[in-house]
Each structure stands twice: as C-alpha cells, then as structure tokens.
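What follows is a short report on a single structure.
Computed from the coordinates by the stated procedures, all read-outs in this text should not be read as laboratory data. Since we're looking at a predicted model, the values are computed, not measured. Cβ sites come from the backbone with ideal geometry, for glycine too, and all protein chains shown count toward neighbours.
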Amino acid sequence: MAESSPTRYKASAIQASHVAKEWVDFALIKSKEEESHRFAATKAQALAKKKTKETLTKLAETKKARKSTEVAVAGAKMQVEEQRGYLWKAEEQLVLAQEKIEIQRKELEGKEEEVAKAKQAAYELGQKETRIALSPNSRRYAVGFAFRFGLRLQMLLV
C-alpha cells in the first residue's frame, strides 16, 4: 500500500492540476467574455455620449429657432396691427371720398341742368335776334337788303 499511496497522491495531484487548469481556462474564457462585454459597454457608452451631445446640440438649435420664431411672430403681429390701422384709415378715407363724390355728382347734375337751361336760353335768344334781324322793320334787314341789291346805305338811312 505504500506504493499505492504515492501513486494515489500523484494521480490525485494530476487530477487536481487538471481541475486547476480547467478553472484557469474557465476563468480565462470568463475574463475574455468580460473584456468583450466591457468593450461593448464602453463602445455603447461612447455612442450614447455622442448621441446625447448631438441631441443637446439639436435641442439648443431648436430653442434658438423657437426664440427666433417667437420674435418673428411678434413682429408679424405688430405688422398685422399696423396694417389693420392703415386699412381702417383707408376705409374711412374711402367712405369720405365716396360721400364727396356723391355731393359733387349732385352738384354736377345741378350744373348740367343750369347749362341745359343756359343753352336753351341762348338758343331762344339767338332765334329772337334772328327774327328781329330778319324782320322788314329792322335796320340790319335794311342794310343787308341794300348790299344785296346794290343800293347805297346812305339813301336808306335818310
């Protein structure tokens, strides 16, 4: 049994070394897996940081654009109010102009009636003057008659 004891110890030691080697191999595999996981986590963390930075940049740009838009909207509102004022004034002026046109139209109608009456009076006066001039008792008639027939004016006037 004495021989078997050292062999047994030797076999036991070999078996223990194989177990230890398996543990070391297992630990090495686990450490490589852990390293792989750590690398993936580091890569994911870097990607997350990059995306966070991009998102913050976009957020800042969006805030800036929003402020710019708010200022533009405020300016547009002011312009709208200003244009409303101009429109209101223009509408007032239009109403006043329409009233003035209506007054002037009525005045023009009155003037047209006066012109028509004046033309009629001038026509009637012209007719009267023509009748007088052409009447045999008229001096014009006599002068015209004398010239037509070659008579001397002096004879007619005497």
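Quick notes on this one:
- Kirkwood-based Rg to Rh ratio, the range 51-116, C-alpha trace: 1.66
- Between residue 11 and residue 77, the contour length at 0.36 nm per residue exceeds the alpha carbon distance by 14.2 nm.
- Per-residue Karplus couplings for the range 105-115, computed as 6.51 cos²θ - 1.76 cosθ + 1.60 with θ equal to phi - 60°, are listed in order as 5, 5, 4, 5, 4, x, 5, 4, 5, 4, 5 Hz, Gly and Pro entered as x.
- Partners of residue 63 within straight-line reach, counting aspartates and glutamates whose Cα lies under 19 Å from its Cα and excluding those fewer than 8 residues away in the same chain: 54.
- Inter-label distance, residue 124 to residue 20: 15.2 nm, where each label sits 7 Å from its Cα along the C-beta direction.
- Reach of residue 100 by Cα under 27 Å, taken over lysines that are not fewer than 8 positions away in the same chain: 89, 111, 117
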